[in-house]
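Right, one structure below, let's go through it.
Just so it is clear, none of the values below were taken in a lab; they were calculated from the coordinates. Please read all numbers here as calculations on a predicted model, not as lab measurements. Every residue, glycine as well, gets a Cβ built from its backbone with ideal geometry; the counts of neighbours run over all protein chains shown.
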Amino acid sequence: MLAYLSLAAILFSIGMFGVITRRNVIGIMMSLELMFNAVNINFVAFNKFIVTDSLLGQIFSAFIIVVAAAEAVVGLAIVLLLYRNWQGINSDQVNVMKW
Amino acid sequence: MTKYAFLIPLLPLLAFVLIVFFFRWKEKLSSLFAIAMIIISWVMSVMVLLETIARHGAPYEAFYQFINLPKFILEIGILVDPLTAVMLMVVTTVGACVEVYSIGYMHGDPRFSRFFAYLSLFLFSMLGLVVANNFFMIFIFWELVGLTSYLLIGFWFEKKSAADACKKAFITTRVGDLGFLVGLFMMGFYLGTFNYGGVFEKVAAGVVPAGILTLMAIFVFGGAVGKSAQFPLHVWLPDAMEGPTPVSALIHAATMVAAGVYLVARSITLYVGSTEASLVVAVIGIVTSVMAATIALVQNDIKRVLAYSTISQLGYMIMALGLYGYDTSLGHHSAGFYAGTFHLMTHAFFKGLLFLGAGSVIHAVHTNDIQDMGGLLSKTKITAYTFMIASLSISGIFPFSGFWSKDEVIASTGGHPIFMFLTLVVAFMTAFYMWRLCFLTFFGKPRDQHRFEHAHESPKVMTVPLMILAFLSIFAGWVGLPWLSNGFSSFVFHGEAYKTEASWLMMTISTIVAGSGIVVAYLMYYKKVISPERMMERFKPIYTLLYNKYYFDELYQVGVLNPVMAFGRLMWKFDAKVIDGLVNFTGWFTIVWADIQQWFDKWIIDGAVNGSGWLVRQGANVLKFIQSGSMQFYALFILTGIVLFGIFKFELVFISYRWPTLSIIFILSVVLLAGVSRMIQGGYETNENAESEE
């Protein structure tokens, strides 16, 4: 169990690192996927070792994968719009909400 | 019909309301409606009178308890007894005549309808006063007649003299009414009832101490003194002649001024119970009578002569009633009550006629001054003859109605030589001044040719009422012939056989006295055997005194009005200095206080408000730099939060998972550091400058 959780933690941290440090929006999204999968691993692991008589964790993971796919679609659409408006997909360019 | 007697006053009220609210603009309709109503009232009064006679004067009473307290009952009701029936008759008859007459007299007046509305209101009040069954109600109507009298005296309020006169009348009678009110309070306090029957029963039973009864009777008499213009409150009546003449005839000769006499007659039981109060009443009556008669001798205004004559005759009645109370309380037989009420009735007719006649004369020559008239007999025949009939009646010449009633008044003074002498003197003077008036007005050479030529007889609507009243002036007295076994005298005593013997001696004396008065007037003003001017010269001081009405007005001016005015002025000064000072100080202080408040508001309150705003603004100025607009920067903040949260909280909760937790926190912290390092390198601040640098 420790191994699963450690893997998930490492995956999540890599994803987090990517989200915060990457400049490319596509990269950020990929890192996000990493974080999702880290969470999925956690769910599955807890399901397997703690509440063994239930499949809730497995089902939830499947849901997250589906929702993540949909989210990726929306995200990529936003990226497309970003590219159209700023002629680039650098996240630093998008700071119109700056005061 | 007696049951419906309450309708008698209500019909004129209906006329008043309808005229005022609905057809004020239709003059003809207004006047005809008012007259129709009073004629219906008159018909009902006649029926009530006949029924009362048929009942042999048994009183009829109906009432509704208005306020019912354990010790005090207030009623609204009617009482029809012989006195009421006679008064109803008199008021409606004179009222109807006056209203018809007014069509002619008031013709062309801009407030024609209003005049009839006021007359109707007056008739309502007066009839209500007459049919009332208790003292409280009589007081209400008492004040109402006062009000309508005020309105009608001041009917031509554009004239300053009329406006002053109506104020004077109102205020002067108010003095008497205060007495009446105090009397009522005493009645309510000591007897607990205002009902005539109740009051008289308790008084007769001796519930009230004698002293209190005397006071009560005198206070109630105060009201009568005011309304009936008795000494010393008589000053308003002559001035009240500023009103239209029909008003003088109706209110100030026949009805309202008779209300005082009616009140005394109505509450005669009070006076029978108190010798002293009766004496006061009798003395005031005779003093008034003599005083007014002497003034009337020298006045030149036709209406004022009649006004003083009215005061004098009212004094007669009051004196007769007072003497009745005096004699009866001492156990003597007296004709006073009957004489007073009888004279009240006959006087209403002939004095109303005199005033209407005077109005007709004024209508013809447009002046009030008898010195400017003369010889009008040929021009105004009906007026002149009816006027002379009334004069004969008031002088007490056989067989006119005044003869019978006056005779009774004089007879009632039997046993009081001073009173008898003075009444005879007054009778002489009455005959004299009435015929002085007649001779100066209708006989001799016209003294003002211009006015004489333009004089003309009044229209029919004015002369017909004159003729009706003349008829009554002759015959109304016959109901009280001493030879009738069931005449007026026993009628007013509720059917008891009450009778005064016909005294030939008395009749002879009074006729001689009256006749000599007429003869003297004839000699002075027709034959001019005795020159009035020479008399005037010889008795200059007396003449001046009389001409100025004993200086009563001046006396009141100095004795009452000036102190009151001075007091008023003092109060005004107090008001201007102290009260206004206080008010102004309050205002000034408020302004200063408001200034202080304003300063406090401006600097302290506003300061606090603005200060907090300023503080927020400055804080925002600092914190706004956090909003970089970069998503990753925000994510970094979230991360920081999670890390800090984990460090301080989850360390304790997930105690069994200490290692993984710590490791996650550690790893996240490393990531955090990486992010922060990137931020410090300027990685997130990709504004134009940063980009261009790259």
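Please compute, for peptide A:4-13, the average count of beta-carbon atoms on other protein chains lying within 10 Å of each residue's beta-carbon. If you can, show how the numbers build up before the last one.
Details: counts 0, 6, 5, 0, 2, 8, 3, 0, 4, 8.
Whole-number average of other-chain Cβ neighbours for A:4-13 is 4.
May I ask for the distance between the Cα centers of the range B:344-371 and the range A:12-57, given as a whole number of Å?
Answer, in whole Å: 126.
Which entries in the list B:227/B:303; B:379/B:445; B:227/B:540; B:159/B:303 go over 22 Å, if you measure between the two C-alpha atoms of each? Don't skip to the answer; put the middle values down first.
Numbers: B:227/B:303 18 Å; B:379/B:445 12 Å; B:227/B:540 33 Å; B:159/B:303 17 Å.
Checking Cα-Cα distances, B:227/B:540 exceed 22 Å.
Rg and Dmax of the range B:92-208 over Cα atoms: what are they, in angstrom?
Just the Cα atoms of the range B:92-208 yield Rg and Dmax of 17.9, 58 Å.
If packing is taken as the average number of other Cβ atoms within 10 Å across a peptide's residues, how do B:592-601, B:549-558 rank, most packed first? Walk me through the intermediate numbers first.
Values: B:592-601: 10.5, B:549-558: 14.8.
Ranking, from highest mean packing down: B:549-558, B:592-601.
Count the net charge of all other residues whose Cβ sits under 14 Å from the Cβ of residue B:44, scoring Lys and Arg as +1 and Asp and Glu as -1.
0
Report, in listed order, any pair from B:351/B:527; B:160/B:549; B:26/B:460 with a Cα-Cα distance greater than 25 Å.
B:351/B:527
Count, for each residue of B:634-641, the Cβ atoms from other chains sitting within 10 Å of its Cβ, then give me the mean as a whole number.
Details: counts 1, 4, 4, 0, 1, 3, 0, 0.
Average neighbour count from other chains, rounded to a whole number: 2.
Quick one: Cα centre-to-centre distance for the range B:382-401 and the range B:426-474, in angstrom?
10 Å
Hey, what did the range B:1-62 get for relative contact order, percent, Cα under 8 Å, at least 6 apart? Don't skip to the answer; put the middle values down first.
Values: 37 pairs, mean separation 31.2, N = 62.
Value for the range B:1-62: 50 percent.
When the scattering of the range B:203-308 is computed by the Debye formula from its Cα atoms alone, each counted once and equally, what is log10 I(q)/I(0) at q = 0.17, 0.19 Å⁻¹?
Listed by q, the Debye log ratios stand at -0.78, -0.91.
Dividing the alpha-carbon radius of gyration of chain B by 2.2 N^0.38 Å (N being the number of residues), what value is obtained? Could the numbers behind the result be given before it?
Numbers: Rg = 43.8 Å, N = 694, 2.2 N^0.38 = 26.4 Å.
Working it through for chain B, the quotient is 1.66.
What do you get for trypsin sites (Lys or Arg not before Pro) in the range A:1-75 restricted to DSSP loop and a cutoff of at most 11 other Cβ within 10 Å of the site's Cβ? Don't jump to the answer; show the numbers that get you there.
On the way: sites: A:22, A:23, A:48; in loops: A:22, A:23.
The qualifying sites: there are none.
For the range A:2-97, with only Lys/Arg (+1) and Asp/Glu (-1) charged at the beta-carbon, what is the dipole magnitude about the Cα centre, in debye rounded to 20? Can you show the working numbers first?
On the way: 4 positive and 4 negative charges, 38 e Å.
Here the size comes out at about 180 debye.
Divide, for the range A:2-97, the radius of gyration over alpha carbons by 2.2 N^0.38 Å, where N is the residue count. Kindly include the intermediate steps, with their values, before the conclusion.
Working: Rg = 16.1 Å, N = 96, 2.2 N^0.38 = 12.5 Å.
Relative to the 2.2 N^0.38 Å estimate, the range A:2-97 comes out at 1.29.
If you find the alpha carbon centre of the range B:1-78 and of the range B:102-154, how far apart are they in angstrom?
13 Å
Enumerate the whole-percent occupancy of each 10 Å bin, from 0 to the last occupied one, for all C-alpha pair distances of the protein assembly as shown.
3, 11, 18, 16, 9, 4, 2, 2, 2, 3, 7, 8, 7, 5, 2, 0, 0
Before rounding to the nearest 500, sum -39500 (n - 2.57) across all DSSP H runs of length at least 4 in chain B and divide by the residue total; then give [θ] at 222 nm in deg cm²/dmol.
On the way: 31 runs with 488 residues, N = 694.
So the helix-based figure for chain B works out to -23000 deg cm²/dmol.
Count neighbours as other Cβ atoms within 10 Å of each site's Cβ, and list the chymotrypsin sites (Phe, Trp or Tyr not before Pro) in the range B:74-171 that are DSSP loop with at most 15 such neighbours. Numbers along the way, then the final one.
On the way: sites: B:101, B:105, B:112, B:115, B:116, B:118, B:122, B:124, B:135, B:136, B:139, B:141, B:142, B:150, B:155, B:156, B:157, B:170; in loops: B:157.
Sparse-neighbourhood loop chymotrypsin sites (Phe, Trp or Tyr not before Pro): B:157.
Taking only C-alpha pairs under 8 Å that are 6+ residues apart, what is the relative contact order of chain B in percent?
Values: 1091 pairs, mean separation 73.7, N = 694.
For chain B, the relative contact order is 11 percent.
Can you give the alpha-carbon Rg of the range B:501-547 over 2.2 N^0.38 Å, where N counts its residues? Each step should come with its number before you reach the end.
Numbers: Rg = 15.0 Å, N = 47, 2.2 N^0.38 = 9.5 Å.
The range B:501-547 yields a ratio of 1.58.
Would you mind working out the magnitude of the charge dipole of the protein assembly as shown relative to its Cα centre, with +1 at each Lys and Arg C-beta and -1 at each Asp and Glu C-beta, to the nearest 20 Debye?
On the way: 48 positive and 45 negative charges, 295 e Å.
Result for the protein assembly as shown is approximately 1420 debye, rounded to the nearest 20.
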